[in-house]
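Engineer: Below is a structure I'd like to ask you about.
Readers should treat all values here as calculations from the given coordinates under stated rules, not as data from a laboratory. Quantities reported herein were computed from a predicted structural model and do not represent experimental measurements. Here the Cβ is made from the backbone with ideal geometry for all residues, glycine too, and neighbour counts use every protein chain on show.
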Amino acid sequence: MDIIKLFDKYLLILVTIQAFVAVFIDSTKFKRANMLKASKQIKIIGIIIFSITLVLYIISEFYY
């Protein structure tokens, strides 16, 4: 079983929702709690996870 085939539309949708929550909702909660370092980290992590999943989805769709 190829692992790259697991990156389909449903996983992309789930990761998009997770990244949206991390970047927009969690980071503002951290900012309100005066946890600025955690707010910045969660934004970076959310964007990186979404970017990696998007690249793997594109590879999955076009090359397999």
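Engineer: So, of the residues in segment 1-49 that are surrounded by 11 or more Cβ atoms within 10 Å (Cβ to Cβ) and of a type in the set (D, E, K, R), which turns out to be farthest from Tyr64 (Cα to Cα)?
Structural biologist: Lys31
Engineer: When residues of segment 40-64 are filtered for being more than 15 Å from the chain's Cα centre (by Cα) and not in a loop (DSSP other than H, G, I, E, B), how many remain?
Structural biologist: Of the residues in segment 40-64, 5 are more than 15 Å from the chain's Cα centre (by Cα) and not in a loop (DSSP other than H, G, I, E, B).
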